[in-house]
Amino acid sequence: MSYKILGNYIRKVDNKNKDFKVLNLQGLSMKKEFRKSTSNIVGTDLSKYKIVKQGQFCCDFMSVIRVHKLPVVLNNLGEDVIISPAYIVFEITDKDVLLPEYLMMWFRRSEFDRYADFRCDSSIRGGFQWEELCEVELPVPSIEEQSKAVEQYQSVTNKIKVNEQICSTLEATAQALYKHWFVDFEFPNEEGKPYKSSGGKMVWNEELGKEIPEGWEVRSLKSLGNVITGKTPSSSNPEDFGNEFQFVTPSDFVGNKVITDSSRKLSKIGRNRLSNKINPKKSVLVTCIGSDMGKVSLNIEECITNQQINSIVGNKEYYSEFLYYKLNELKEELKSIAVGGSTMPMLSKSQFEAIEILKPFDEIMESFSNITCDITDYYSIQKKQNRKLSQLQSLLLSRLAVGEEEKVL
């Protein structure tokens, strides 16, 4: 397939918001999407900001050398937006020849970002600029083939979004149930009615400085399970690393309830060497050092973590769901404990074990787990599916560079 010069298909646009018709101010994310601007615009002259119309692109050339990718976004929000005057806006000159959505797919390729990063280093003008963008070469197949590629990619993207919405709804449901039962103390009593509002007996707890359900106790984490601090295999044993067993590090905590996969793996040799560090399924993993302090997740596969993570394996399997939400609730408290003990925020195993929480009756935790485990399992299925769909997205993007003759072969 012959490649074309992008500069022959695009042109700059510079429409200022002179009449203040557009008030939707957006920033550009590293995911190449718009994000609502958090800038304080009180007193800001928005007439100098640039308008990005539907179907137009905007990009931030200044960040390429720092983030090693080009933040570029296609406006497909269905409305005009405004962006910083420092960004560049451009559009395709003939959409019957090059589809904006197809070009955006090209911009999403990791190879394109590596190219932009490389041009930053090699450019005599210093950095990635409009001229470098115009010099990009890309295949421009027929408009029918572009449409087909876009349709396939968007179909996968939409499925990922649907799954994410399902996961958000599931997690919000479980969070609400946790708050209702363990924060508001409205767990079901013997008659299935909300405990506190149905007259369940509350007693004053001096330690917590508040009323709690009668019979509940303040207990240390150590009394509720086995705490495991992870360990990184020695660099002198490279054979410990492989592709057979999950090795979880803080970078694998991406805001999800569960960790479906780890970016690094161990070999069987490494697993066996650290067999006393293995976390069984649905252990509660907590990051305990640095800026990642206080992130909490459940592992859905057996794993070993590095030393920046403390895990707790509940004395009873059904403790996990309660402990996951309880430790999330204590996230800020974890940070305060760690900051007080070290200039580098760190929560040692002994500090982690000594954390005290309000422990409900076992039967209440078991009832909670019976409900939320099903939610977690379905949530995990959606996350696993999205992992595979993301791999499919990458495959579709990589195929853009494959010529027709290669497809035939």
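Before moving on, here are some points about what is shown:
- Restricting the stretch 255-288 to residues that are among the aliphatic types (A, V, I, L, M) and not in a loop (DSSP other than H, G, I, E, B), the residue that is most open to solvent (accessible area, probe 1.4 Å): 269
- Qualifying residue in the stretch 370-388 (condition: open to solvent by 20 Å² or more (accessible area, probe 1.4 Å), in contact (Cβ under 8 Å) with a residue 60 or more places away in the chain, under 21 Å from residue 252 (Cα atoms) and hydroxyl-bearing (Ser, Thr, Tyr)): yes
- Meets criteria (without any contact (Cβ under 8 Å) to a residue 24 or more places away in the chain, open to solvent by 10 Å² or more (accessible area, probe 1.4 Å) and either assigned to a strand (DSSP E or B) or closer than 24 Å to residue 260 by Cβ (or both)) for residue 326: no
- Qualifying residue in the stretch 18-40 (condition: β-branched (Val, Ile, Thr) and out of contact with any strand residue (DSSP E or B) (no Cβ under 6 Å at 6 or more places or on another chain)): yes
- One residue from 138, 208 being touching a strand residue (DSSP E or B) at 6+ places or on another chain (Cβ under 7 Å), of a type in the set (A, V, I, L, M, F, W, C), over 30 Å from residue 351 (Cβ atoms) and in contact (Cβ under 8 Å) with a residue 60 or more places away in the chain: 138
- Identity of the residue in the stretch 289-309, open to solvent by 20 Å² or more (accessible area, probe 1.4 Å) and within 11 Å of residue 230 (Cα to Cα), that ends up farthest from the chain's Cα centre (by Cα): 307
The values are calculated or read from the model by the stated rules, or taken from the named source; none is laboratory data. Because the structure is a prediction, the values reported are computed rather than measured. Reconstructed Cβ throughout: ideal geometry from the backbone, glycine too, with neighbour counts over all protein chains shown. These accessible areas exclude ligands, DNA and RNA; they are computed on the full protein's heavy atoms, side chains included. Shrake-Rupley method; radii C 1.70, N 1.55, O 1.52, S 1.80 Å.
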